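So the structure is just underneath, and the comments pick up after that.
The values are calculated or read from the model by the stated rules, or taken from the named source; none is laboratory data. Since the model is a prediction, treat every value here as computed from it, not as a measurement. Here the Cβ positions follow ideal geometry from the backbone for every residue, glycine too, while neighbour counts run over all protein chains shown.
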Amino acid sequence: MGYLFFQIWVWILAAFILGWVAHWLLCCRSKDQEEDSSTSVAINASQIASSEEIEVVPTEVATVDESWKPQGFASAPNDADDLKRIKGIGPVIEETLNDLGTYQFKQIASWDADNVSWVENFLAFPGRITRENWIEQAKTLDDGGTTEFAKRVDKGDVNYS
């Protein structure tokens, strides 16, 4: 009986040690290497700074090119359209478009290729606007027409919850 008890505890101890080694290899080892490399960089930079004068040149931060961003309203106009009537625009995308100042079909209908590219990159859905014909749908809806999808939304057949 004592032998069996001893053997179980040896296996438990071995599993515990193996678990710690695996943890160190997967998690802690990469953190230790990052700390070592940042420390060596700091030491090298301080050694260089003490030995010679260094000119600090600011680096440029990459910015988003706002030149192709569609023009929008600063706040919601009184005659804002229900953009969810366009197939492919749900509540989340409508809210994002509203944050960009896009509230009306005529705004989407007036987008050019550069505006479409900018919005697709902003939404992180490349090709979606063209593929789902947002501009054509917006032109139709802005002119007072309707689409099959808009009819379904108007009847309440499209569930956005």
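Structural remarks
- If you go through segment 108-117 and keep only what is touching a Lys or Arg at 6+ places or on another chain (Cβ under 8 Å) and under 19 Å from GLY90 (Cα atoms), you end up with just ALA109.
- Residue match in segment 79-86 (condition: surrounded by 11 or more Cβ atoms within 10 Å (Cβ to Cβ), at pLDDT below 65 and closer than 20 Å to ASN133 by Cα): no
- For segment 124-138, the candidate set comprises residues that are surrounded by 16 or more Cβ atoms within 10 Å (Cβ to Cβ) and within 22 Å of the chain's Cα centre (by Cα); within that set, the residue that is nearest to ASN78 (Cα to Cα) is TRP134.
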